[in-house]
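A.B. asks: The following block contains the structure, expressed as structure tokens.
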Amino acid sequence: AAAAAGFEARVVGQAAPRAPHIATIAFPGLDRQALVMAADLEGLSLASGTACASGSATPAPALVAMGLPEAVASGAVRFSLGRTTTADDVSEAVARLGRVLRRLTT
């Protein structure tokens, strides 16, 4: 959805086995901590980086070990869905994320 709106986005580990309800998406050129804070103001809860490095000021070692350039890993945030998350919830989150990305890139 971010890419369709003109924002560069990369799903990290897309082809790797992973939990189906968790996705790490990198927004190259954006600061993940600024993204998390701006998302919070829109009512979105994101986490910066991987679970093993959440809140760290440096890119997650796991992302760097996967071969992600630091510029990509620096913009990586984690999205999680819950058991009760609906398709409408996801659509609303995508709309809010679009507003966040526009705010951070203009």
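A.B. asks: For the structure I just gave you, tell me whether residue 100 is part of a helix (DSSP H, G or I), under 15 Å from the mean Cα position of the chain (by Cα) and either modelled with pLDDT of 95 or more or among the β-branched types (Val, Ile, Thr) (or both).
C.D. replies: Yes.
A.B. asks: Out of all the residues in the stretch 46-68, is one or more more than 14 Å from the chain's Cα centre (by Cα), of a type in the set (A, V, I, L, M, F, W, C) and at pLDDT 90 or above?
C.D. replies: no
A.B. asks: A further question follows. Quick one: in the stretch 68-92, of everything that is assigned to a helix (DSSP H, G or I) and in contact with a helix residue (DSSP H, G or I) (Cβ under 9 Å, 6 or more places away or on another chain), which residue is farthest from residue 10 (Cα to Cα)?
C.D. replies: Residue satisfying both the conditions and the ranking: 70.
A.B. asks: Could you grab me the full set of residues in the stretch 59-94 that are charged (D, E, K, R) and touching a residue at least 24 places away in the same chain (Cβ under 8 Å)?
C.D. replies: Matches in the stretch 59-94: 78 only.
The values are calculated or read from the model by the stated rules, or taken from the named source; none is laboratory data. Quick caveat: nothing in here was measured; it's all calculated off a predicted structure. Ideal geometry is used to build each Cβ from the backbone, glycine not excepted, and the neighbour counts take in all protein chains shown.
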